[in-house]
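Have a look at the structure that comes next, please.
The values are calculated or read from the model by the stated rules, or taken from the named source; none is laboratory data. The structure displayed is predicted, hence computed values, not measured ones. No Cβ is skipped: glycine too gets one built from the backbone with ideal geometry, and neighbour counts run over all protein chains shown.
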Amino acid sequence: MSSQERISERAHDALSARKAGGLLRRLEARPKRAPWLNLADNDYLNLSRDPAVIAAASEAAQQWGVSAAASPLITGYTELHAELERSLASWHGYQHGLVWNSGFAANSAVLGMLPQRGDVVLADRLIHASMVAGILRSGARLRRFPHNDLHALQAMLAGENQREGAVFVVTESIYSMDGDCPDLAALSQLREEFAFFWVLDEAHATGWYGETGAGALEAQGCLGAPDVLVGTLGKAFGSQGAYTLFHDPALRDWLLNEAGEFVYSTYLAPPAAGAALAALTCIRELESERPALAGLSRSWRAAMQSLGADVPDGDSPVVPVHLGSAERAIAVQRGLLARGFRVSSIRPPTVPDGTARLRVSLRRGLTDVQRDAFTIALKEALQCE
Ligand SMILES: Cc1ncc(COP(=O)(O)O)c(C=O)c1O
């Protein structure tokens, strides 16, 4: 068998296994004018379409070009990126920041480099794949604690207290597929007690929570508590890219010297950086509107719960509708699509086996009429499958 035949066989085997489990993924190009309401993306504040954000992206393209055209240590890092870094850091209560091409790159770099062999990483069972990818290549020992179970984490910390190497704790604030949040004040308290190194990903919380929109840490009164804060620019910011924030400048310098994701990749395009800066201004200006976002989430959840759907309480933009099997999730998703609503179906391995679900992602400006129409569509789709 030739090498080409071998590789092709591997691909076919992998695809057949996915198909058999109802887990085959397909790429579908979104049409310019989609005939459905988008409840699947992460543009929680509609900023990707905001005129001020679009104008800032286009001005950045005029001034700096559409591409950074080089990696950051060559000439890709511009004054625009530096300004973005400074603005994000001070907003979140940090002294130092670094902007990345994506959240995946940021997380895999931070968790691939900071923990090392001999260290232990205590991670929530549901952390994002980008963080798991980093930890697995770091050489540190990975231990998972049950989702949001801080008692279990405390017990693990007590057991690791005498160890030689460093202890890391890795969590998200709003979990990307569950839309729930740990008690961050309690986590900060644990950090005081056990002096672990805390990495927190606020990807799905920034913009939605906190007086100025700085996220769940701000909402829970513990800005600046984690050692490294990760945020993304492709969700509520409506742009692209990510950032990591530090109190210790050596961490920033180390990453920008040695993280392959940073050093060897064409840097974030200036229009994305310009859009993110404008989006930050918009996010801060939404202060008076922000409390209504939590209310919107609660009312959509209550409407779905009234059907008997398995939807948890909460106030985040990420609303899971638990369905169990992958086949069921796909069938209900299709039923909703046929009725004009695009949600995502989330299946293993993105979520644990048997926990397939719809992920309904909410956005600012959704109306009660849309909520009621969606509820009827969900009822019908649940009945039909
Ligand atoms: C919690 C979390 N962190 C990081 C990322 C990756 O961010 P990006 O899309 O910018 O690569 C995601 C993406 O969905 C996420 O949900």
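Residue by residue, here is whether (1) without any contact (Cβ under 8 Å) to a residue 60 or more places away in the chain; (2) more than 30 Å from GLY224 (Cα to Cα); (3) not assigned by TED's automatic domain parsing to the domain that holds GLY210 holds:
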| position | (1), (2), (3) |
| --- | --- |
| ILE7 | yes, yes, yes |
| ALA17 | yes, yes, yes |
| PRO35 | no, yes, yes |
| ASP41 | no, no, yes |
| VAL66 | no, yes, no |
| LEU84 | no, no, no |
| ALA106 | no, no, no |
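Taking into account only those residues within region 166-180 that are among the small types (Gly, Ala, Ser) and over 24 Å from GLY260 (Cα atoms), which is farthest from the ligand (Cβ to nearest atom)?
GLY179
Within region 167-192, how many residues are touching a strand residue (DSSP E or B) at 6+ places or on another chain (Cβ under 6 Å) and of a type in the set (A, V, I, L, M)?
The qualifying residues number 4.
Look at ARG143 and say whether it is of a type in the set (D, E, K, R), part of a helix (DSSP H, G or I) and within 30 Å of VAL351 (Cβ to Cβ).
no
Considering (1) part of a helix (DSSP H, G or I); (2) away from the ligand (no atom under 16 Å from the Cβ); (3) farther than 17 Å from TYR267 by Cα; (4) touching a residue at least 12 places away in the same chain (Cβ under 8 Å), say which one LEU80 fails and leave the rest.
Against the list (1) part of a helix (DSSP H, G or I); (2) away from the ligand (no atom under 16 Å from the Cβ); (3) farther than 17 Å from TYR267 by Cα; (4) touching a residue at least 12 places away in the same chain (Cβ under 8 Å), LEU80 comes up short only on (3).
Oh, and also: For the subset of region 96-110 comprising residues that are within 9 Å of the ligand (Cβ to nearest atom) and not polar (S, T, N, Q), which member is surrounded by the most Cβ atoms within 10 Å (Cβ to Cβ)?
ALA106
The rows are residues; the columns are (1) touching a strand residue (DSSP E or B) at 6+ places or on another chain (Cβ under 7 Å); (2) surrounded by 14 or more Cβ atoms within 10 Å (Cβ to Cβ); (3) in the same structural domain as GLY365 (by TED's automatic domain parsing); (4) within 25 Å of VAL332 (Cβ to Cβ).
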{"position": "MET1", "(1), (2), (3), (4)": "no, no, no, no"}
{"position": "HIS12", "(1), (2), (3), (4)": "no, no, no, no"}
{"position": "LEU27", "(1), (2), (3), (4)": "no, no, yes, yes"}
{"position": "ALA55", "(1), (2), (3), (4)": "no, no, no, no"}
{"position": "LEU80", "(1), (2), (3), (4)": "no, yes, no, no"}
{"position": "ALA89", "(1), (2), (3), (4)": "yes, yes, no, no"}
{"position": "TYR94", "(1), (2), (3), (4)": "yes, yes, no, no"}
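What are the pairs, 6+ residues apart or on separate chains, where a residue within region 324-335 that is farther than 13 Å from LEU23 by Cβ has its Cβ under 7 Å from a residue that is modelled with pLDDT of 90 or more and not hydrophobic (A, V, I, L, M, F, W, C)?
Close Cβ pairs (under 7 Å, with a partner that is modelled with pLDDT of 90 or more and not hydrophobic (A, V, I, L, M, F, W, C)) amount to GLY324/GLY354; GLN333/SER345; GLY335/GLU380.
State all residues of region 300-311 that are exposed (fewer than 12 other Cβ atoms within 10 Å of the Cβ) and touching a residue at least 40 places away in the same chain (Cβ under 8 Å); if no residue qualifies, say none.
SER306
In addition: Filter region 117-131 down to the residues that are buried (at least 19 other Cβ atoms within 10 Å of the Cβ) and either more than 13 Å from the ligand (Cβ to nearest atom) or within 15 Å of the chain's Cα centre (by Cα) (or both) and list them by number.
Correct list: ASP119, VAL120, VAL121, LEU122, ASP124, LEU126, ILE127, HIS128, SER130, MET131.
Right, another one. Collect the residues in region 215-236 that are assigned to a loop (DSSP other than H, G, I, E, B) and surrounded by 24 or more Cβ atoms within 10 Å (Cβ to Cβ), keeping them in residue-number order.
GLY215, PRO226, LEU233, LYS235, ALA236
Does region 148-157 contain any residue that is within 16 Å of the ligand (Cβ to nearest atom), of a type in the set (A, V, I, L, M, F, W, C), surrounded by 16 or more Cβ atoms within 10 Å (Cβ to Cβ) and assigned to a helix (DSSP H, G or I)?
No, because not a single residue in region 148-157 is within 16 Å of the ligand (Cβ to nearest atom), of a type in the set (A, V, I, L, M, F, W, C), surrounded by 16 or more Cβ atoms within 10 Å (Cβ to Cβ) and assigned to a helix (DSSP H, G or I).
Also, I was wondering about something else. Please enumerate the residues belonging to region 168-195 that are surrounded by fewer than 21 Cβ atoms within 10 Å (Cβ to Cβ) and more than 14 Å from ASN42 (Cα to Cα).
ASP180, ASP183, ALA185, ALA186, SER188, GLN189, LEU190, ARG191, GLU192, GLU193, PHE194, ALA195
Another question, if that's okay. Determine which member of the set GLY139, GLY134 is at positive phi and free of Cβ contacts under 8 Å to residues at least 60 places away in the same chain.
The conditions single out GLY139.
Going through region 199-258 one residue at a time, which ones are under 17 Å from VAL110 (Cα atoms), within 12 Å of the ligand (Cβ to nearest atom) and either touching a Lys or Arg at 6+ places or on another chain (Cβ under 9 Å) or free of Cβ contacts under 8 Å to residues at least 24 places away in the same chain (or both)?
Once the filter is applied, which keeps residues that are under 17 Å from VAL110 (Cα atoms), within 12 Å of the ligand (Cβ to nearest atom) and either touching a Lys or Arg at 6+ places or on another chain (Cβ under 9 Å) or free of Cβ contacts under 8 Å to residues at least 24 places away in the same chain (or both), region 199-258 yields ALA203, THR244.
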